[in-house]
Amino acid sequence: TTTMNTPDNKEIIVPNGNIYGGNITNYSARDTRRVDMVVGIGYDADLLKAKRILEEMVAADERILAEPAPKIAVSELADSSVNFIVRPWVNSADFWGVKFDFTENVKLRFDEEGISIPFPQMDVHLH
C-alpha cells in the first residue's frame, strides 16, 4: 500500500493497484496555479460595470501574477444568473488566500456598487 497525507492532515492509505492503474493529481508540484472562480450577477445588473469591477479587483491584488494574464469573461447565461469566469494565476502558496479573499471581496464590493448576486429560485403558479 501507499500512504499519503492530505493538505488538511488526513492520512490516506491506497492499495498500490489503485496507484498504478489510476491518475494522481499533485497540486503542489508547480510553483504557480490558476484559481478558477465563477461569479454570478443578476440579469438586471450592469454587465460591463461588473466586469470592470472584477478586472479592478484582480489588478489590485498584489498576489495575482501579471503573467500568464488573468482571464475574466462571461461564461454562461444560467437559469438565475449571468456567470463570469475569473481565472487569475498565483504562486501556489497564495492559492487559498486569493480564492477566499477574492470571494469575500466580490460580495462586499458588489454590495457597495449595487450589483446583485442572485440565488436559485423558482416561481410556482397555482391555478
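The values are calculated or read from the model by the stated rules, or taken from the named source; none is laboratory data. Since the model is a prediction, treat every value here as computed from it, not as a measurement. Cβ atoms come from the backbone with ideal geometry, glycine included; neighbour counts cover every protein chain shown. Side chains included, ligands, DNA and RNA excluded: accessible areas come from the protein's heavy atoms. Shrake-Rupley method; radii C 1.70, N 1.55, O 1.52, S 1.80 Å.
What to note about this one:
- Between LEU126 and GLU62, the contour length at 0.36 nm per residue exceeds the Cα-Cα span by 17.8 nm.
- Residue-averaged 222 nm ellipticity for the chain, from DSSP H runs of 4+ at -39500 (n - 2.57), nearest 500: -9500 deg cm²/dmol
- Theoretical FRET efficiency, 1/(1+(r/R0)^6), r = Cβ-Cβ of SER92 and LYS10, R0 22 Å, to 0.05: 0.65
- With every protein chain in place, segment 35-127: carbon and sulfur % of accessible area (1.4 Å): 54 percent
- An oblate overall shape is assigned to the chain, the ratio a/c of its alpha-carbon gyration tensor axes (a ≥ b ≥ c) being 1.5 or greater and a/b not exceeding b/c.
- Segment 3-20 - phi-based ³J(HN,Hα) in whole Hz, Karplus 6.51/-1.76/1.60, Gly and Pro as x: 10, 10, 10, 8, x, 9, 6, 9, 9, 10, 10, 10, x, 4, x, 6, 5, 5
- Length-normalised contact order of the chain in % [C-alpha pairs under 8 Å, at least 6 apart]: 27 percent
- Listed residues ASP8, ASP44, ASP101 arranged by accessible area, highest first, probe 1.4 Å: ASP44, ASP8, ASP101
- The residues of the chain expose on average 73 square angstrom of accessible surface per residue, using a 1.4 Å probe on protein heavy atoms.
- Note on ALA78/THR25: beta-carbon distance plugged into 1/(1 + (r/R0)^6) with R0 of 22 Å gives a FRET efficiency of 0.20.
- Separation of the alpha carbons by more than 29 angstrom is noted, of LYS51/LYS99; LYS49/LYS99; LYS10/LYS107, for LYS10/LYS107.
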